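Structure first, then comments.
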Amino acid sequence: MPVPPSHLDPDSATRWRRARARAVDHLLAAVAGCRRVDELVVRGSVLLKAWYGAAAREPGDLDFVVTTKGWGPEDGRTDRMFAEIARRAEESSGTDVSGVRVVATRALDETLRAYDRAPGRRFGLPWRAEGLPGGTVYLDFVFDERLPSAPELVEIPHSDGTGTHLLIGATPEQSLAWKLLWLVEDDHPRPQDLHDAVLLAEHVALPVSLLRTTFMAFDPSHGGHPFTVDSLALDRVKPFASNHDHPGSTDGELPARLIRALAPTFAAGAGAGASGYVRAARRLSPWIEKCRALRGDSRALLAVITADSWHLDSALVVYREVIGPGTCDLAEAARVVTGHWDARPAQVGHEGWHPHVVAEAFGRLG
């Protein structure tokens, strides 16, 4: 989150925030006008600010997903895109009556090392304003990351209210699913992600199917267990720093608010009243659909199932649902799947799975 230099008095700090917001405007205008704009999906805090206004925190870095397959961080197209964005941002700021200027010749370019979910690259553009310390706005681009749901056109208001930037952006529902994923998977979950997740969850209904798809796109093993309140592990989120700059409630209120807002999603995921098999089939529906193309090739299907770190329960359900429940009962699925699970010696002995392990799986699916 952008924080003014600590030595500024309150009035200067306010002017600094406004100047930085103008710099963000120029970068967004540059992205919206660049030739690659249709291949970029914006996500993150800038979207929440557009949707929820003063209730959202001020945008920090600008985050984009590059949707073109085969385009990586070191591709020449990346360098050319950065150069065009820098030029356009500087040109846009050249007519800004507020005096905020973006300096393209001092652009920063580095590998996005902190982002471990997909390869990325970071691009920083310095800005300056008369009578104020300058700053840098960073644009983070990630490559080769699948979008679990279709993006949509979004209008991002100018900071002075004079117009909008038209970009392709993630939906609020997808944004919430990602925030929850990061709270679960990041080694050090960030308080700003918790704050954003609460804001989103209190405004949109998250379909459990999208939540499953998002988590399983990151790690297929998420399909092997239900998503519950305990999955969030909110006690791992550290509080905001003392100089944080975000609106809303105190840190201590956020976990309870998130749990309350997500109650309908958790209830749908639990599948109250359904059998263990039905709940598992719902939970695994993204992988079942993905594997249906392998229905005529059982060897390839089994290779996919045994290649991932799934529980036996999940493997049985996916295999049976793809082959066809009417032609393959659970016992037959167990015989076929366990017979091909030789890639997991820690759980499979020379004579196959122990009968009690299979029996326990049957019990959970009953």
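Return the residues of the stretch 133-154 that are acidic (D, E) and surrounded by fewer than 19 Cβ atoms within 10 Å (Cβ to Cβ); say none if nothing qualifies. Steps first, please.
To start, the set of residues in the stretch 133-154 that are acidic (D, E) comprises 140, 144-145, 152.
Within the stretch 133-154, D144, E145, E152 meet the criteria.
A quick yes/no check of all residues on (1) within 23 Å of H203 (Cβ to Cβ); (2) of a type in the set (V, I, T):
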| position | (1), (2) |
| --- | --- |
| Y52 | yes, no |
| A56 | yes, no |
| T68 | no, yes |
| G72 | no, no |
| D79 | no, no |
| I85 | no, yes |
| R88 | no, no |
| E91 | no, no |
| L108 | no, no |
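Given the criterion crowded, with 18+ Cβ neighbours inside 10 Å and more than 15 Å from L40 (Cβ to Cβ), identify the matching residue among A107, A89, A83. Before you say what the answer is, go through the steps one by one.
Numbers: A89 fails: more than 15 Å from L40 (Cβ to Cβ); A83 fails: crowded, with 18+ Cβ neighbours inside 10 Å.
Matching residue, one of A107, A89, A83: A107.
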Requested in this report: Evaluate the stretch 35-48: report whether one residue or more is of a type in the set (D, E) and touching a helix residue (DSSP H, G or I) at 6+ places or on another chain (Cβ under 8 Å).
Outcome: no
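Can you tell me which residues in the stretch 155-194 are of a type in the set (V, I, T) and surrounded by fewer than 21 Cβ atoms within 10 Å (Cβ to Cβ)? Outline the logic, then answer.
First pass over the stretch 155-194, keeping only residues of a type in the set (V, I, T): 156, 162, 164, 168, 171, 184.
Across the stretch 155-194, the qualifying residues are T162, T164, I168, T171, V184.
How about the stretch 5-27: which of its residues are in a loop (DSSP other than H, G, I, E, B) and either touching a residue at least 40 places away in the same chain (Cβ under 8 Å) or hydroxyl-bearing (S, T, Y) (or both)? Explain how you work it out, then say what you get.
Taking the stretch 5-27 as the starting set, the residues that turn out to be in a loop (DSSP other than H, G, I, E, B) are 5-9.
Of everything in the stretch 5-27, those that are in a loop (DSSP other than H, G, I, E, B) and either touching a residue at least 40 places away in the same chain (Cβ under 8 Å) or hydroxyl-bearing (S, T, Y) (or both) turn out to be P5, S6, L8.
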Query raised in the report: Inside the stretch 266-304, can you point out the residues that are outside any loop (DSSP other than H, G, I, E, B), modelled with pLDDT of 85 or more and either outside the structural domain of V357 (by TED's automatic domain parsing) or of a type in the set (D, E) (or both)?
Result: E289
Report task. Tell me which of these P126 doesn't satisfy, since it passes every other one: (1) more than 18 Å from C34 (Cα to Cα); (2) more than 28 Å from the chain's Cα centre (by Cα). Result -> (2)
Query raised in the report: Considering only residues of the stretch 305-344 that are surrounded by fewer than 20 Cβ atoms within 10 Å (Cβ to Cβ) and within 15 Å of M216 (Cβ to Cβ), which is modelled with the lowest pLDDT?
Result: S309
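Just for the stretch 105-117: of the residues that are at pLDDT 80 or above and outside any strand (DSSP E or B), which one is nearest to V66 (Cα to Cα)? Before the answer, list the steps.
Step one: filter the stretch 105-117 for residues at pLDDT 80 or above, giving 105-109.
Now drop any that are not outside any strand (DSSP E or B), which leaves 105-107.
Numbers: T105: 24, R106: 24, A107: 20 Å.
Filtering first and then ranking leaves A107.
Can you tell me which residue among L199, L211 is assigned to a helix (DSSP H, G or I) and either more than 15 Å from the chain's Cα centre (by Cα) or at positive phi (or both)? Walk me through it before giving the result.
Numbers: L211 fails: either more than 15 Å from the chain's Cα centre (by Cα) or at positive phi (or both).
Testing whether each residue is assigned to a helix (DSSP H, G or I) and either more than 15 Å from the chain's Cα centre (by Cα) or at positive phi (or both) leaves just L199.
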Query raised in the report: Going through the stretch 145-171 one residue at a time, which ones are part of a loop (DSSP other than H, G, I, E, B) and over 20 Å from the mean Cα position of the chain (by Cα)?
Result: H158, S159, D160, G161, T162, G163
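Condition test on R122, is it modelled with pLDDT under 95, basic (K, R) and surrounded by 16 or more Cβ atoms within 10 Å (Cβ to Cβ)?
Values: modelled with pLDDT under 95: yes; basic (K, R): yes; surrounded by 16 or more Cβ atoms within 10 Å (Cβ to Cβ): yes.
Yes.
The values are calculated or read from the model by the stated rules, or taken from the named source; none is laboratory data. Just so it is clear, the model here is predicted, and its values are computed rather than measured. Methodologically, a virtual Cβ is constructed for each residue, glycine included, from the backbone with ideal geometry; neighbour enumeration extends over all protein chains shown.
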